[in-house]
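Inspection log for the structure reproduced underneath, given as structure tokens.
The values are calculated or read from the model by the stated rules, or taken from the named source; none is laboratory data. Computed from a predicted model, the values in this text were never measured in an experiment. Quick reminder, even Gly has a Cβ in these numbers, built from the backbone with ideal geometry, and neighbours come from all protein chains shown. The protein model used for the area step is the full one, side chains on, heavy atoms only, and it has no ligands, DNA or RNA in it. Shrake-Rupley method; radii C 1.70, N 1.55, O 1.52, S 1.80 Å.
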Amino acid sequence: MSTFAKTLRTLEKNHMTTWGEVSHIFQGLLTEPVRMGDKYRTGIPLIDSHHAQIFNFIEEIRQSVRQKQTKEQLMQTMKKIEDFCDYHFSFESKIMKKLGYPGADDHTQTLTSFTKRVVDDWKEKLAQGMLHPLEVVHGLKTTVVDAIMAEDVKYAKYFADNGIDVSWIETPQDLDRGKDYVGVCTDEDIKETFNVVDRDGGGTISRNELALLLKNLNLGASDEDISRLMREADKDDSGEIDFNELISIMKSSTQATAQQALTWGQINDLFKNLLNEPVRMGEKYRTGIPLIDSQHAQIFILIEDIRQAVRQKQTKEQLMQTIAKLEDFCKYNLSSELKLLKKFGYPGADEHDQTLTSFTKRVVEDWKQKLANGMLHPLEVVHGLKTTVVDTIMAEGAKYTKYFADNGIELSWIETPQDLDRSQDDVAVSSDEDIMETFKVVDRDGGGTISRDELVLLLKNLNVSATDEDINRLMDEADKDGSGEIDFSELITIMKSSTLTPA
């Protein structure tokens, strides 16, 4: 159990609050990373990836204090949490109702109450200087972990006890399909295929357009393959393929055997999959490193967003925005992954870096440019991401995962980006600088001393049930010069000399 958790338990068991307890709370908030851990995982891939992101946001606020970020930067992080919680809670409620969880309405009330606190209370108090970011971290740790997350464990247990499999819910789109969803390729789907190939929008597919399609899909078609495919589909010998000809050949052609050349049936099945089958990460590509797995899950969600954008007839501008999000996220993910590999001595780190750099280069310089020029269709991007990410990047992840396992390197503790800057056995020590941060939290008006009212507000914001007698005692213990307020030197003395109340 962490120092922070022990302190909270001590506070719950004892009525008398000490400066030692206050010191330990802030030592925990300043120096202990915020971890999700297996205890609060639900077994629903989509929700667990969301939860990991929430914990990253909490850790981001904690780090912002150490990095001396401005109030405006902190408020931006709070806004991100607010937006993300709305997004997360909507999916969570949808899952519970879809799968018949009887406590769905109660859970929704809990979520609504939490969101209201973030939006209406914390942001307002932060803006007015009545709440310090470290108090937000404390509130999020206790509210998210002890309330929201604990409630999530309840519905996860209900699904497990009732034999309801939720492991297939990896993308937001899965909620609208169901576990046994099987896509059916319709004439409309073939029309989408036609639109992919018909680059100039002329209403027919030329030989050059077919060649470009097969090149973008990395199918390795020869000139002979392309000529044969054109002959098979072009029934009126016009030299191009119209929509009716494409429907006819795709519905009549079959998949190729291992010995056969590329067929229209093979192309048909490929586009049927791209249009109708969700892009899933699955257990096969999980590394067992929480930080990396949560980032990988987000990549798959972004790939699925692109696929859905095609079905929803989104504009080129909307699709380009999604690609830009994917680009930014990949850069972030790749930097974390490379840092991890080098920190723990993976011998293939440089080679892996080359693979990642090549992938990023393709996303940034090749795909975006081709999309803008109409030389690449979003479905071809989905195909490329599925094969590049899954068969290259994720397969490379399996290599370093095996290396770490074979060499007994334990990485299940790496849950946050900040963990990459510390060791597993790091023990946080509260310094004078940490106590100065505590002082700043309590000294609301910046006057250089802590008044009785400021101490009362601190304990209230931390949900510490201190009585008037506790407050008077704490002030008397720290205020050695009898001024009625506590200065910084007095706070250092009392925090370093005081201890936790025995349990």
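In the context of the full set of protein chains, residues of the range 262-418 present 42 Å² of accessible surface per residue (probe radius 1.4 Å, heavy atoms only). Across the range 307-398, Cα-Cα pairs farther apart than 18 Å form 47% of the total.
The Cα trace of the range 65-134 gives Rg and Dmax of 15.1, 46 Å, the first to one decimal, the second as a whole number. With the helix formula -39500 (n - 2.57) applied to DSSP H stretches of n ≥ 4, the chain reaches a computed 222 nm mean residue ellipticity of -19000 deg cm²/dmol. Partner aspartates and glutamates whose Cα lies under 14 Å from the Cα of Lys480, excluding those fewer than 8 positions away in the same chain, are identified as Glu490.
Gain on full extension, evaluated as 0.36 nm per residue between Lys116 and Arg362 minus their Cα-Cα distance, stands at 84.3 nm. In the chain, the portion of solvent-accessible area held by carbon and sulfur atoms comes to 49 percent [1.4 Å probe, whole percent, DNA, RNA and ligands not counted]. Model label points for Leu175 and Lys480, set 7 angstrom from Cα along the Cα-to-Cβ axis, are 5.7 nm apart. In the range 264-329, the alpha-carbon atoms span a convex hull of 99 Å³ per residue.
Stokes-Einstein diffusion for the range 349-428, with the hydrodynamic radius set to the Kirkwood value over Cα pairs and evaluated at 20 °C in a medium of 1.002 mPa s, equals 140 µm²/s. The trypsin sites (Lys or Arg not before Pro) of the range 44-107 that meet both conditions, a loop assignment by DSSP and at most 16 other Cβ atoms within 10 Å of the site Cβ, are Lys68.
At the residue level, Arg444 shows approximately 50 square angstrom of accessible surface with a 1.4 angstrom probe and all protein chains present. Given axes a ≥ b ≥ c from the Cα gyration tensor, I'd like to know whether the range 223-353 is rounded (a/c under 1.5), prolate (a/b larger than b/c) or oblate. Here the range 223-353 falls in the prolate category.
Which pairs break 28 Å Cα to Cα here: Lys80/Lys399; Lys39/Lys402; Lys39/Lys97; Lys80/Lys284; Lys215/Lys316; Lys339/Lys361? From the list (Lys80/Lys399; Lys39/Lys402; Lys39/Lys97; Lys80/Lys284; Lys215/Lys316; Lys339/Lys361), the Cα-Cα distance tops 28 Å for Lys80/Lys399; Lys80/Lys284. On a per residue basis, the convex hull of the C-alpha atoms belonging to the range 292-350 measures out at 76 Å³. Over the C-alpha trace of the chain, radius of gyration and Dmax come out as 28.4, 102 angstrom. The range 106-168 has equivalent-ellipsoid semi-axes of 31, 11, 8 Å, by the square roots of 5 times the alpha carbon gyration tensor eigenvalues, sorted largest first.
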